[in-house]
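This report concerns only the one structure given below.
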Amino acid sequence: MAAETTFQVSGLRCGGCVGRAQKALAAVPGVDLAEVNLATESARVAGTADAPTLAAALKTAGYPARTATAVFDIEGMSCASCVGRVEAALAAVPGVVSAEVNLADESARVVWLEGAATPTALTAAIAGSGYAARLREAARAESISVRKDREAAGLRRDLTVAAALTLPVFILEMGGHLIPGFHALIAGTIGHTASWWIQFVLTTAVLAGPGRRFFRHGVPALLRGAPDMNALVALGTSAAWAYSTLALLAPGLFPEGTRAVYFEAAAVICTLILLGRWLEARAKGRTGAAIEKLLQLAPDTAWVERDGTLREVPVDEIAVGDTVEVRPGGRVAVDGTVASGRSWVDESMITGEPVPVEKAPGATLTGGTVNGTGALRMQATAVGADTVLARIVAMVEAAQGAKLPIQALVDRVTAVFVPVVMGIAALTVVAWLILGPAPALPLALVAGVSVLIIACPCAMGLATPTSIMVGTGRAAELGVLFRKGDALQRLEGARVVALDKTGTLTEGRPALTTLDVRGDEAEVLAALAAVEASSEHPIARAVVAAAEARGLSMPAAQDFASVTGMGARATVDGRAVLIGADRFLTAEGIDLGDLSQAGGEIAARGETPLYAAIDGRAVAALGVSDPIKAGTPEAIAALHALGLKVAMITGDNAATAHAIARRLGIDHVTAEVLPEGKVAALTALRDAHGTLAFVGDGINDAPALAEADIGIAIGTGTDIAIEAADVVLMSGDLRGVTSAFAVSRATMRNIRQNLFWAFAYNVALIPVAAGLIYPVAGILLSPILAAGAMALSSVFVVTNALRLRRAAADRPARTPAAQAAPLAAPAE
């Protein structure tokens, strides 16, 4: 961090807060001065401590520094070395907490201390490292599709020119190897010297025209002491061109037998690498197809009521509270609630549910969904970045920009790769000059240029981010959102999947199916419904719905109290009424009597048993049934097919839980768990069986979702559960869990394939290019072949990543990592 920095701090309430925050900052090594201002809620720090350390100290003290985040589009990056330089430049900006650069997406996500840096300063820092950058616009479709099209068009144009200029050079120099007598024909007509002059002119045109991009980026990188892929190409082609030009213009400088030209090598290298860049640009343009599809869901304009009349306005101008008309067949522009009208809306593009949903006044509408045949008027409740669609896009983008732990090795290698290759090339030239056979000089040139050209840091840099980008995009198409990119890697290693019951395995809409009463049934049910009317629990609503269905009048309840995980109590018509689990009544000293047996029979049928007491006497056993979701049995079978064990953690009655587990084939059951006990249950499962994923949907699942190695939230659940999760399923269908596992495994397998190719390619071919097999086989790799191999290397990595767009959720691969130790059979 620079000598002095000022930034915003949150959580300051009084002078004591200021003192503690100031003390925390002063204790950081390298801080010379720390001043915290309560009025402005800011801190001024002088010294050498960096922003991440200061932010961590304040977070530990309980006064987190306020941070801002921005995404920048970057042009000109071509390899992992570029990524490292941009990240280093951003990290050097005072106040930057983190900077993650994505080569596949050509973007940088930067987090900085609010007040310590600005987007303008960050853009300038990126420009200072040699790359053009701009703050990403709201219309991201333009920045991706148009920019990619423009880049590919420019490369295609340069490739066409380069190929037209290179073809005569190649024919003149290499034609004799393909057509017998061709060299003699050239010698007898224009002569070899004239041929060389033609090659000189055309090759110079290739390097000065289409090949100028390599020198424009590569030479400044060399001068900064930070060479990249462009620098390698510039060095290789210029070495071949310079040697050939000297051989043409100053033949006396060369010993007898060493005069030769390699213009065709320089020209063909440039052309082949342009071909590779063009193919790569086209492929990379398709890696963001999933986000493009999501962005295209939102219409550009909508009909909004302004001053009593309907006007077609841009979606960006819609404000919360505006009345928006949704016409038949049209797309919903923003999130809102139906004010008038009825229709069926297709929400499949958001939730994955294929059946249209009926919408009536009061129902919620999601931007990007498609209206059916009815007309609707809605009131906007969320616009811009606050809509569900925008948050989905943001989640996908954040996951796509994440760096997985597997990337750490790549980062360490690519940080030194290009300088090491340049060193190997120099050693190769020296070794050939000293040890090589005559004529050593041209052989040394060929070997040195081949080493420079064949090395491919691009493939290593693209191996991970392109797979992540396509994989998370494919997951989004399947209704699976990875909120945290590293969840892709962690999910692959899961051995056990723990599931909540209500709302996850079941519909979450329980109904009263059994009522065994000792006394007047209507009177008892009315009293119980009076108590449950004050509760928000799904089971409580089932009791109330049953009373309403019978037309019962519910008396008023006083002194209502809910006992979490147990039940509820209240006073109804002067009588003390309790309803809840058997342990609730037992704790109150109430004997269940023969109702205990009735409850056991209820549980054996897979229903949830409840018990009720009035004035200290047990009066009823109730059975509440929550239907199993249609896709749950298939999902459990698919998880087993993946080699995973399935556990259920529920606060429900043990007998009920085991009955459901037997029906679904669940391996392990932990029942009658209070909400705070779910975390302990997960810890026990993890200790016994390794990495664990938990699937839940409710507020009381949030701690468990956060505790699990991978938390998977049902998207139809609460916002609190979703915020605590690593992965979100947009629909309530549990089969989305198998989709998440399928994408995770396919993506990680794809990443390993890419990394193996990238590393094996360089490890195997750099020694070959240096001439290691020449003493044995007499073969020296041509720079032209080296250029072809290098160009195809990056194309292979990107093309392989694009295969993830066809990743099938219904045919997940079984991997050895998923083989779990057997879980104990459910205890009856």
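Charges at C-beta only: +1 for Lys and Arg, -1 for Asp and Glu. How large is the resulting dipole of segment 517-668 about its Cα centre, in Debye rounded to 20?
Its charge dipole is roughly 440 debye.
Using +1 at the C-beta of Lys and Arg and -1 at the C-beta of Asp and Glu, which of Val324, Ala620, Gly154 has the Cα lying farthest in the positive direction of the dipole of the chain?
Gly154
What spacing in nm lies between the two simple spin-label points modelled at Ala438 and Leu249, each 7 Å away from Cα in the Cβ direction?
According to this spin-label approximation, the distance is 2.9 nm.
May I ask you to derive the FRET efficiency for Arg575 and Ala604 from their Cβ-Cβ distance with R0 = 41 Å, giving the value to the nearest 0.05? Provide the component values of the computation, followed by the final result.
Details: r = 31 Å, r/R0 = 0.76.
Once rounded, the FRET efficiency stands at 0.85.
Whole number in Å², please: accessible area per residue of the chain, 1.4 Å probe, ligands, DNA and RNA not counted.
Per-residue value: 41 Å².
Along the Cα→Cβ direction, 7 angstrom out, place labels at Thr364 and Asp591. What is the inter-label distance in nm?
My value for the distance between the label points is 4.9 nm.
Starting with the highest mean, order 304-310, 85-91, 732-738 by the number of other Cβ atoms within 10 Å, averaged over the residues of each peptide.
732-738, 85-91, 304-310
How high is the relative contact order of the chain, in percent, counting Cα pairs under 8 Å that sit 6 or more residues apart? If you can, show how the numbers build up before the last one.
Working: 1695 pairs, mean separation 95.6, N = 828.
After rounding, I find 12 percent.
Ordered by residue, what ³J(HN,Hα) values in Hz, to whole numbers, does segment 107-123 give under the Karplus form 6.51 cos²θ - 1.76 cosθ + 1.60, where θ = phi - 60° and Gly and Pro are x?
Values per residue, Gly and Pro as x: 9, 10, 9, 10, 10, 9, 5, 4, x, 8, 8, 9, x, 4, 5, 5, 4 Hz.
In the structure displayed, which of Lys59/Lys484; Lys293/Lys629; Lys23/Lys484 lie more than 24 Å apart, Cα to Cα? Please report the intermediate quantities before stating the final value.
On the way: Lys59/Lys484 21 Å; Lys293/Lys629 29 Å; Lys23/Lys484 33 Å.
As for pairs spanning more than 24 Å Cα to Cα, those are Lys293/Lys629; Lys23/Lys484.
Calculate for the chain the 222 nm mean residue ellipticity that helices alone would give, adding -39,500 (n - 2.57) per DSSP H run of length 4 or more and normalising by residue count, nearest 500 deg cm²/dmol.
Value at 222 nm, helices only, nearest 500: -15500 deg cm²/dmol.
Given H placed 1.01 Å from N in the peptide plane, which residues other than close sequence neighbours of Val669 have an amide H under 5 Å from its amide H?
HN-HN under 5 Å from Val669: Met648, Ala827.
Once fully extended, how much extra length lies between Ala164 and Ala27, figured as 0.36 nm per residue of separation less the alpha-carbon to alpha-carbon distance?
Details: separation 137, 0.36 × 137 = 49.32 nm, distance 6.60 nm.
Extra length from Ala164 to Ala27 when fully extended: 42.7 nm.
Picking from Gly95, Gly19, Cys79, whose Cα lies most toward the positive end of the charge dipole for segment 10-122 (charges on Cβ: Lys, Arg +1; Asp, Glu -1)?
Most positive-ward Cα: Gly19.
Note the full-extension length gain between Phe759 and Glu305 as 0.36 nm times their separation in residues minus their Cα-Cα distance, in nm to one decimal.
Result: 157.5 nm gained on full extension.
Let's see if you can work this out: charge +1 on each Lys and Arg Cβ, -1 on each Asp and Glu Cβ, no other charges. What is the dipole magnitude of the chain about its Cα centre, in debye to the nearest 20?
Dipole magnitude for the chain comes out near 3100 debye.
Which distance in nm do the two modelled labels at Glu536 and Ser553 give, with both placed 7 Å along the Cα-to-Cβ direction?
3.1 nm
Looking at the chain, what % of its DSSP beta bridges pair antiparallel, to the nearest 5?
Expressed as a percentage, antiparallel bridges in the chain total about 80.
For Trp344 and Glu292, calculate 0.36 nm times their separation in residues minus their Cα-Cα distance, and state this gained length in nm to one decimal.
Working: separation 52, 0.36 × 52 = 18.72 nm, distance 2.58 nm.
My answer for the length gained is 16.1 nm.
Measuring from the lowest to the highest alpha carbon on each principal axis, how far does segment 540-585 reach, largest first, in angstroms?
31, 23, 14
Scan around Gly47 for amide H atoms under 5 Å from its own, H built in the peptide plane at 1.01 Å from N, and keep only partners 5 or more places away or cross-chain.
Under 5 Å from the amide H of Gly47: Glu4, Asp32.
For a Förster distance of 41 Å, can you work out the FRET efficiency between the beta-carbons of Val430 and Ala88, rounded to the nearest 0.05?
Working: r = 31 Å, r/R0 = 0.76.
Plugging the Cβ-Cβ distance into 1/(1 + (r/R0)^6) gives 0.85.
Convex hull over the Cα atoms of segment 480-622, averaged projected area in nm²?
Values: hull surface 44.8 nm².
Approximately 11.2 nm², given one-decimal rounding.
Once phi is turned into ³J(HN,Hα) by the Karplus curve 6.51 cos²θ - 1.76 cosθ + 1.60 with θ = phi - 60°, what whole-Hz value does each residue of segment 71-88 show in order, with x for glycine and proline?
These are the phi-based 3J(HN,Hα) values: 10, 10, 8, 10, 10, x, 6, 10, 7, 5, 5, 4, 4, x, 5, 5, 4, 5 Hz.
Round to a whole number: what % of the accessible area of segment 623-774 belongs to carbon and sulfur, probe 1.4 Å?
Roughly 62 percent of what the probe reaches on segment 623-774 is carbon or sulfur.
Long-range amide H contacts for Asp709: which residues qualify at under 5 Å (H placed 1.01 Å from N, peptide plane, sequence gap of 5 or more or a different chain)?
Leu692
The values are calculated or read from the model by the stated rules, or taken from the named source; none is laboratory data. The structure displayed is predicted, hence computed values, not measured ones. Because the Cβ atoms are built from the backbone with ideal geometry, glycine has one as well, and the counts that use them run over all protein chains shown. Keep in mind that these areas ignore ligands, DNA and RNA; they rest on the heavy atoms of the full protein, side chains included. Shrake-Rupley method; radii C 1.70, N 1.55, O 1.52, S 1.80 Å.
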